[in-house]
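First the structure, in the form of structure tokens, and then the observations on it.
The values are calculated or read from the model by the stated rules, or taken from the named source; none is laboratory data. Just so it is clear, the model here is predicted, and its values are computed rather than measured. Glycine gets a Cβ as well: all are built from the backbone with ideal geometry, and neighbour counts include every protein chain shown. SASA here: full protein model, heavy atoms, side chains in, ligands and nucleic acids out. Shrake-Rupley method; radii C 1.70, N 1.55, O 1.52, S 1.80 Å.
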Amino acid sequence: MQNPASYSEKKIYTLGISGTDVPAIVQPKPTAIVNGKGSDMKDSKVLQKRAKQKTIAQKVILALIDDAQKKGKDKWVKSLWNAYRCQGEVVTANGKLYGRYCKYRICPICASIRKAEKINDYLPVLKTWTDAHFVTLTLKSVPAYKLKPVIDCMVEEWKQIIDTYKKREQRNKGSKLMGIKSLECNFNPTRGTYNPHYHIIVPTREMAEILIKEWLTRSKPGWTHRKGQFARKVVNTERDMIEIVKYGTKILTEPDPRKKKFEKGKRKVFVSALNNILMAFDGHRLFDRFGFNLPTKKTKPASKITCVTDHKNWEFDPAVADWVNKNSGDRLTGYLPPAELVDILKDGIDTELE
């Protein structure tokens, strides 16, 4: 009878004999979890524009963080760090680009996406307004310490105007007002003052005149002047729509706003003033419609989470103004910032003036 131990050894060591089949070990493909439908990567110009936006954001937001820390605005610092990380790391797969969006006002990438969405939503409605008028409502410019209370008053005054005409329409004593509006603010570095104002599009000239009249009547004496208010007929609907859905304030500002054209290489980023404007806007909607609803749209499907295998990971590198592949070192967009932008981000960031 064969020894059981020797039989066991024989069975084990046959795996080492030439020609014996050994099961192959299959390595699983690396996977990545992505959220949403992603951005199409077919248009290289769109990708390079996003690289430019991210380049500006990285430099400016770091300066804003430093300024907010000096002002003791810890809550603001946290929000700014979220904006700084927006699209910092992205994944590409199946011709799509995936990444996290901060949806913060100062982020050029998120602001650009929001702008495109609003134009698509509202432009078809505005094109039906055959007598549309573009209106600007302003107050006198104010120093930094008055900016927040003045903007709060502007928002309340606007609400009172709209509510008054809504009630008149409900009582059959007049028509309600309707249109779209945006709250904006400019900084004048030569005077160190801020100019908050509304840009509005309404369907008729009559509504434009009502808004100007009500604005002048309700404002405190000395805070408004008729020549500062403006109304004109809309000739190019898309152009004026773009004007309405801007970012709320400019990141790049000309040092002397009295000059009609920018001096090449002279634009600056006034960081402290920019933070003052953003903090004054906090809690207020910058863009809104009034007096009408958009046509009902299909409910958007919930953003789905997908697992992708054939993918690449990229991380934004401010030194090259582009996303860089973590494994190969390749660049994603090939964007090269122009010399003027490089100079502005290097020497044109002013952290003192406000």
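Summary of computed values
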quantity: Förster radius 25 Å - calculated FRET efficiency between Lys159 and Glu209 (Cβ-Cβ, nearest 0.05); calculated: 0.80
quantity: Lys/Arg +1, Asp/Glu -1 at C-beta; the chain dipole; positive extreme among Leu274, Ala57, Ile180; calculated: Ile180
quantity: Packing rank of 193-203, 78-88, 333-343, where each peptide gets the mean count of other beta carbons within 10 Å, highest leading; calculated: 193-203, 78-88, 333-343
quantity: Size of charge dipole - the chain - debye, nearest 20, with Cβ of Lys, Arg +1 and Asp, Glu -1, no other charges; calculated: 1260 debye
quantity: Net charge contributed by nearby residues that have their C-beta within less than 13 Å of Asn325 (K/R +1, D/E -1); calculated: -2
quantity: Surface accessible to a 1.4 Å probe, Cys107 within the full protein complex, Å²; calculated: 0 Å²
quantity: Kirkwood Rh and Cα Rg combined as Rg/Rh, the range 38-128; calculated: 1.06
quantity: DSSP beta bridge pairing in the chain, given as percent antiparallel to the nearest 5; calculated: 95 percent
quantity: Three-way shape call for the range 95-174 based on the alpha-carbon gyration tensor, with the a/c threshold at 1.5; calculated: oblate
quantity: 20 Å-binned pair-distance histogram of the chain (Cα, whole percent); calculated: 23, 47, 18, 6, 5, 1
quantity: Check: the range 31-70 dipole with +1 on Lys, Arg Cβ and -1 on Asp, Glu Cβ, in debye; calculated: 200 debye
quantity: Å² per residue, accessible surface of the chain at 1.4 Å; calculated: 61 Å²
quantity: Any cysteine of the chain lacking a neighbouring Cys Cβ under 4.7 Å - listed by number; calculated: Cys153, Cys185, Cys307
quantity: Sum of side-chain charges, Pro149 neighbourhood, beta-carbon under 15 Å (Lys, Arg +1; Asp, Glu -1); calculated: 0
quantity: Of Ala111, Val202, Thr249, farthest towards positive along the dipole that unit charges on Lys, Arg, Asp, Glu beta carbons give the chain; calculated: Val202
quantity: Pairs from Lys73/Lys140; Lys159/Lys181; Lys146/Lys246 whose Cα-Cα separation, in the structure shown, is over 18 Å; calculated: Lys73/Lys140; Lys146/Lys246
quantity: FRET efficiency, Phe230 to Asp330 (Cβ-Cβ, R0 45 Å, nearest 0.05); calculated: 0.35
